[in-house]
Amino acid sequence: MSRSVSALAGTAAASFLPWSVASRTVAAAWDEAPVDPAKADLIYRTRAPRNGEPRLKELVKDWITPTPQFYIRSHGANPTVVADQFKVSIAGMVDKPMTFSIPELLERFPKSSVTCTVSCAGIRRYEFIKIKQMKGVPWQEGPIGNAVWSGVRLSDVLTAAGVSSDAKHVWFEGADTVVDGNAAFPFGGSVPMSKTREEDEKLPGVLLATHMNGQPLLADHGFPLRTIVPGYIGARSVKWLQKIVVSDKPSPNHFIADVYKMVYSGTPVEIDETAPIYRYPVNAALCSADNKDGKVTVKGYALPTGQKGCSISKVEVSPDGGKSWVNAAMGEQTGEFCWQFWSATLTIMNPETEVCVRATDSLGNTMPESGPWNLKGYLYNAWHRVPAKQLLN
Ligand code: MTE
């Protein structure tokens, strides 16, 4: 018997649905797979592979992003996954290489959950594209979401496998194949070993997640298993995770060795010498507006950098293109690696002006007035500007 992904999306929310409910779900190959009905409301920037972001006014309705509103970023087709046969292996610089099915993983290790925000490094790339055409998905402010992820801690799996004291990085590889010209390779990446240890009772350094918002992962989000790396760019949270390798070096996978790096000329030497992106810069966006008799209440999100202990300290909104600023009220819900909602009520005197937003964090990092260019269009975090006219309608 098979159970479709859309049927699962409609299952009543449970805090941590038994994984066996989903154990027969099969994600069809991408060319056969229509958009999951649960995801029909996204704005698709590309459909093959699927890359979609939610409408901004929907995005700031709930601090925990409902799964249907959570962006999808895939570099290739969803792999065909036969869940009952799916296994994840751990090898490399470990005493005992091991392989687990999903039920084995969930039976053997304590369950753990984390609420954290995941965002694509290409967020707001269309701002770069407005300046100069570039390759890459033309993302606006929507490839970001905050979810409750559940599964087991990577640190527990590493302890069971026995990690060598010389190990410095953990590599991840997905079951998907990314095609680039004549080349075809799996999506992968790695995190420094120190990140796997950056954890406490409440917060796993890295989670091997089987569930999102209390339900088994949807195919588009990496069913049956993915990594979730709180505070790191989405690219490090590898979907359809089937291989973990412990090493003394970062992974040689294309998505950490060559791309997801801030480069300017893109020469092989520059790429080679540039460190991979792990964390975010402080960022914010205005997502919705409600105009009542000329008083406009605007609402949005701010994203902290993912540095442990560092949070958003203020969000300022300018009703006049950056001449004057008011402090926004901060939403009550927070979390160490979570976005922060904010709102402000403005009187806009000139409909020809722009409303601007900038966030600052507890270390004093703030969003610059204009964005520094980089070749791949990553991590745009200049003031978010919205034409006032758009908000007055
Ligand atoms: N994992 C695999 N295997 N393949 C991918 O294409 N995309 C990455 C990451 N993990 C990707 C992947 C990127 S760039 C992002 S931003 C996040 O997944 C997006 O996760 P989501 O689609 O669940 O929102």
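The values are calculated or read from the model by the stated rules, or taken from the named source; none is laboratory data. Being a predicted model, the structure only gives us computed values, none of them experimental. Cβ placement follows ideal geometry from the backbone for every residue including glycine, while neighbour counts extend to all protein chains displayed.
With 200, 180, 166 as the choices, which residue is modelled with pLDDT under 95, acidic (Asp, Glu) and under 29 Å from residue 258 (Cβ atoms)?
180
Give me the residue from the range 47-76 that is β-branched (Val, Ile, Thr) and more than 12 Å from the ligand (Cβ to nearest atom) and, out of that set, nearest to residue 298 (Cα to Cα).
Here the residue is 60.
Just a yes or no: is a residue in the range 334-344 touching a strand residue (DSSP E or B) at 6+ places or on another chain (Cβ under 9 Å), farther than 24 Å from residue 70 by Cα and among the aliphatic types (A, V, I, L, M)?
Yes - at least one qualifying residue is present in the range 334-344.
Where in the range 182-248 are there strands (runs of 3 or more DSSP E), lying wholly inside it, with at least 3 residues that are within 15 Å of the ligand (Cβ to nearest atom), over 15 Å from residue 155 (Cα atoms) and in contact with a helix residue (DSSP H, G or I) (Cβ under 7 Å, 6 or more places away or on another chain)?
The qualifying strands (runs of 3 or more DSSP E) are 183-192.
Of the residues 147, 121, which is within 11 Å of the ligand (Cβ to nearest atom), assigned by TED's automatic domain parsing to the domain that holds residue 110 and touching a Cys at 6+ places or on another chain (Cβ under 9 Å)?
147
Applying the selection to the range 190-235, what residues are among the polar types (S, T, N, Q) and touching a strand residue (DSSP E or B) at 6+ places or on another chain (Cβ under 9 Å)?
190, 196, 210, 213, 227
Identify, please: which residue in the range 85-116 is within 30 Å of residue 42 (Cα to Cα) and not aliphatic (A, V, I, L, M) and is, among those, surrounded by the most Cβ atoms within 10 Å (Cβ to Cβ)?
Of everything passing the filter in the range 85-116, 116 is surrounded by the most Cβ atoms within 10 Å (Cβ to Cβ).
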